[in-house]
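The block underneath contains the structure these notes are about, expressed in structure tokens.
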Amino acid sequence: MTSSSGASRRQVLAVAAAAATAPLIAAAPAQAAGPARSRTWDLTLLGTSDTHGNVYNWDYYRDAEYDDSKQNDIGVAKLATLINQIRAERRGKATLVLDAGDTIQGTPLATFYAKQEPITSTGVKHPMARAMNIIDYDAVTLGNHEFNYGLPLLDLWIRQLGFPALAANAVNVRTGKPAFLPYVIKKVSLGFAAPTLRVGILGLTNPGVAIWDRGNVEGRLRFDDMIATAAKYVPIMRARGADLVLISAHGGDSGTSSYGPELPNENPVALIAQQVPGIDAILFGHAHNEVVEKFVTNERTGEQVLLSEPSKWGQRLTRMDFTLAREHGRWKITKKSATMLNTNTVVEDPKVLAAVRAQHQKTVAYVNQVVAQASVEMSAVESRYKDTPILDFINHVQAETVTKALAGTAYAGLPVLSQASPFSRTAVFPSGDVKIRDVAGLYVYDNTLEAVVLSGAEVRAYLEYSAKYFRTFASGAPIDPEQINDPSVPDYNYDALSGVDYDIDISKPVGQRLTRLVLAGTDTPVADDTQFVVAVNNYRRSGGGNFPGIVKTQVYNEQQEIRQLLIDWAQEKGVIDPADFFQANWRLVREGVPVF
């Protein structure tokens, strides 16, 4: 367990070791023009984030090379090529490489070595450790998805890395001490006759872990405010000799949270830059955005803090360049800038491919196993705005699982509703063979199934909240399905419920859109005091998306992974036939007229 006292001692000692004995990184000076012939030196920081288990440029759900409409490529192997090119170009000069988190979750490759053949059982090295060790990062920050598979797996992955893993604001509840290494101070040589540059690197993880992975961390770890944690550690790092302070943060720059105000801010990076003095630059992630170069003025010092976010999945590499000079015996940054490199400009690094090839091939073989036959093709392409069989497949399996589990209990007589979100716009069950990769492509997250009891009033409020996903369209106005949703609400935060019949009127304002809510197959309105059991994924039930009424004690929680439940159901039945589960129970309307 990473938060154990032994691990804490190891990592606290590593702070001192990093500060005192970090290897020198050689660099050559560059002559600055000017009558005083003052000398300047340079430092380059390369940054990655949100690689999410992508090593190969491969789409496991399509069993083909990854491609999208913008011709992006993905994977750590592509990043490695760019990083190696820049290191070669800068040979003899100082170059650091950091990652801002969300590394070990997100692909069937990562899931296989967490679930099917977990590294905690086999002792094998995680594919992301293999790939990142070849690159030889200087540090990685823990993202929220690092906690998805529990602390034992996270602790082992960290021990498999050849470089530090940082998370200053993750605190051991029992001891009150940092559960992980908060920061490192690296000694960087800037060349002949230049004093050593000491670079402090602070890692900040996302407080939302306390909600999203409550089952893995509750009572064991707490997650402090990222701004307050930066304000605590930046002066410590400066006092311990850091000439330059970098932050690697797993949080976006919007200043808002998906889970409301009850936890510290989820996306506070711009606020950190604005409020905490002494920071030179921040590499950040979490939001999956491409932010090439952003400057934020610190309100106390007036200094410009450089920010950059390198998109997702290994599609981009941030490059920050710093020019430094000595003034009055101290280092001063005289210039800083950031650019973004696209991994679709290079081939994959052969050493990274070789290191992960066997694990990649094993994963490909696994996801290509046939689990059932589909009677017809079922696509998710319209699932955001139409009731579709493929989304009802999820709801049927969830509701059936919970119904069976509650048989003979006090809740056995209650109607069971189920919640599902259109995670993928491209998922499809082809007519004929349905493979594990098809099911995984439909349910791309490692959620587990839970259930709670909601009243009719709470179900209504829940659906009203979900309906904010849609833009408002006046009656008769043309509707482009591709533009039907509010872009500020991600697809995974729109829920469709089975087990009740309802209409969403998208001509009405948010909060007044649920114009019909009746018991399934009837015209009987749902009364406020009617009781329902609602099957729901752990992300939603623990507060993800900030849906009302759903954060309450579970009546069902057997820690069953939903994706595996879908696979098991399909294997047991042998046939996936919409006639067995599809019920068109919801629709979008305008003034009672169906939109589609």
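The values are calculated or read from the model by the stated rules, or taken from the named source; none is laboratory data. Predicted model, so just to flag it, every value in this text is computed and none were measured. Cβ sites come from the backbone with ideal geometry, for glycine too, and all protein chains shown count toward neighbours. Note: accessible area is taken over every heavy atom of the protein model, side chains too, but ligands, DNA and RNA are not part of it. Shrake-Rupley method; radii C 1.70, N 1.55, O 1.52, S 1.80 Å.
Assorted remarks:
- Taken as a whole, the stretch 434-452 holds no residue that is open to solvent by 60 Å² or more (accessible area, probe 1.4 Å), more than 20 Å from the chain's Cα centre (by Cα), over 27 Å from His288 (Cα atoms) and not β-branched (Val, Ile, Thr).
- With respect to (1) more than 21 Å from Val234 (Cβ to Cβ); (2) at pLDDT 95 or above; (3) open to solvent by 10 Å² or more (accessible area, probe 1.4 Å); (4) out of contact with any strand residue (DSSP E or B) (no Cβ under 7 Å at 6 or more places or on another chain), the lone exception for Val352 is condition (3).
- Residue check for Gln373: open to solvent by 30 Å² or more (accessible area, probe 1.4 Å) and under 23 Å from Leu109 (Cα atoms): no
- Taken over the stretch 561-596, the criterion of being surrounded by fewer than 18 Cβ atoms within 10 Å (Cβ to Cβ) and of a type in the set (Phe, Trp, Tyr) is satisfied by Phe596 alone.
- Lone unmet requirement of (1) in a strand (DSSP E or B); (2) open to solvent by 60 Å² or more (accessible area, probe 1.4 Å) for Pro235: (1)
- Residue check for Lys335: in contact (Cβ under 8 Å) with a residue 12 or more places away in the chain, part of a helix (DSSP H, G or I), farther than 23 Å from Arg541 by Cα and open to solvent by 10 Å² or more (accessible area, probe 1.4 Å): no
Each row is one residue, and each column tells you yes or no for (1) touching an Asp or Glu at 6+ places or on another chain (Cβ under 9 Å); (2) in a strand (DSSP E or B).
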| site | (1), (2) |
| --- | --- |
| His145 | yes, no |
| Leu154 | yes, no |
| Trp157 | yes, no |
| Gly162 | yes, no |
| Val171 | yes, yes |
| Arg174 | no, no |
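- Residue in the stretch 467-477 that is touching a helix residue (DSSP H, G or I) at 6+ places or on another chain (Cβ under 6 Å) and open to solvent by less than 20 Å² (accessible area, probe 1.4 Å) present: no
- Extreme residue, most open to solvent (accessible area, probe 1.4 Å), among residues of the stretch 538-560 that are of a type in the set (A, V, I, L, M) and in contact (Cβ under 8 Å) with a residue 60 or more places away in the chain: Val555
- Scanning the stretch 106-122 for residues that are in a helix (DSSP H, G or I) and open to solvent by less than 30 Å² (accessible area, probe 1.4 Å) turns up Pro108, Leu109, Ala110, Thr111, Phe112, Tyr113, Ala114, Ile119.
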